[in-house]
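S.K.: Structure incoming, see below.
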Amino acid sequence: MALLTCPDCGRGVSDQSPACLGCGRPMSKIETRFIEVWFDGEDTRGERNLNNMLRDGWEIVEQNNWVESEQGHNVDITKYKLQKRVHT
Ligand SMILES: [Zn+2]
């Protein structure tokens, strides 16, 4: 846990805190992104992007899986919803 300085009032604020306790200035916000991973039985697309995001501190908060037919074969699609707290 690190201490940040509020740009508005100069007070120390924990980097875990969503807002400055002194003046209420928002110190961080939740960003949301969606990413799809496709698997067609041989190749996987999008998995590296997902792994990069997880390494970068994003967390999976929701995932949906379904199968689509593409040019005669089935593609297994997983859509991930990811969130990360970023400092403002
Ligand atoms: Zn402040």
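FYI, it's all coordinate maths here, none of it is from the lab. In this text the structure is predicted, and so the values were computed from the model without any measurement. Quick reminder, even Gly has a Cβ in these numbers, built from the backbone with ideal geometry, and neighbours come from all protein chains shown.
S.K.: Which of the residues belonging to region 38-52 are of a type outside the set (Val, Ile, Thr) and either part of a strand (DSSP E or B) or closer than 26 Å to His87 by Cα (or both)?
M.R.: Here is the first cut: in region 38-52, the residues of a type outside the set (Val, Ile, Thr) are 38-43, 45-52.
Scanning region 38-52 gives Trp38, Phe39, Arg45, Arg48, Asn49, Leu50, Asn51, Asn52.
S.K.: Using beta carbons and a limit of 8 Å, which pairs, at least six apart or on different chains, have the first residue in region 1-28 and of a type in the set (Ser, Thr, Tyr) and the second one in a loop (DSSP other than H, G, I, E, B)?
M.R.: Short answer, once both residue conditions are applied: Thr5/Arg11; Ser14/Met1; Ser14/Ala2; Ser17/Met27; Ser28/Asp15; Ser28/Ser17; Ser28/Pro18; Ser28/Thr88.
S.K.: Of all residues in region 29-49, which are in contact with a Leu (Cβ under 8 Å, 6 or more places away or on another chain) and either free of Cβ contacts under 8 Å to residues at least 24 places away in the same chain or of a type in the set (A, V, I, L, M) (or both)? Walk me through how you get there before you give the answer.
M.R.: Initially, region 29-49 is screened for residues in contact with a Leu (Cβ under 8 Å, 6 or more places away or on another chain), giving 32-35, 37.
Matches in region 29-49: Ile35, Val37.
S.K.: Which of the residues spanning region 56-88 are of a type in the set (A, V, I, L, M, F, W, C), touching an Asp or Glu at 6+ places or on another chain (Cβ under 9 Å) and either exposed (fewer than 11 other Cβ atoms within 10 Å of the Cβ) or part of a strand (DSSP E or B) (or both)? Please lay out each step first, then the result.
M.R.: The first filter runs over region 56-88 and keeps only residues of a type in the set (A, V, I, L, M, F, W, C), leaving 58, 60-61, 66-67, 75, 77, 82, 86.
From what is left, the residues that are touching an Asp or Glu at 6+ places or on another chain (Cβ under 9 Å) are 58, 66-67, 75, 77, 82, 86.
Passing the criteria: Trp66, Val67, Val75, Ile77, Leu82, Val86.
So that you can scan it fast, the table gives a plain yes or no per residue for (1) away from the ligand (no atom under 16 Å from the Cβ); (2) outside any strand (DSSP E or B); (3) among the charged types (D, E, K, R):
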| site | (1), (2), (3) |
| --- | --- |
| Cys9 | no, yes, no |
| Val13 | no, no, no |
| Glu36 | yes, no, yes |
| Leu54 | yes, yes, no |
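S.K.: Please verify whether region 45-66 includes one or more residues that are among the aromatic types (Phe, Trp, Tyr) and under 25 Å from Asp15 (Cβ atoms). Lay out the reasoning, then the answer.
M.R.: The initial filter retains those residues of region 45-66 that are among the aromatic types (Phe, Trp, Tyr), namely 58, 66.
Then keep just the ones that are under 25 Å from Asp15 (Cβ atoms); that gives 58.
Within region 45-66, one or more residues are among the aromatic types (Phe, Trp, Tyr) and under 25 Å from Asp15 (Cβ atoms).
S.K.: Looking only at region 15-26, count how many residues are within 8 Å of the ligand (Cβ to nearest atom) and closer than 18 Å to Arg85 by Cβ.
M.R.: Result for region 15-26: 4.
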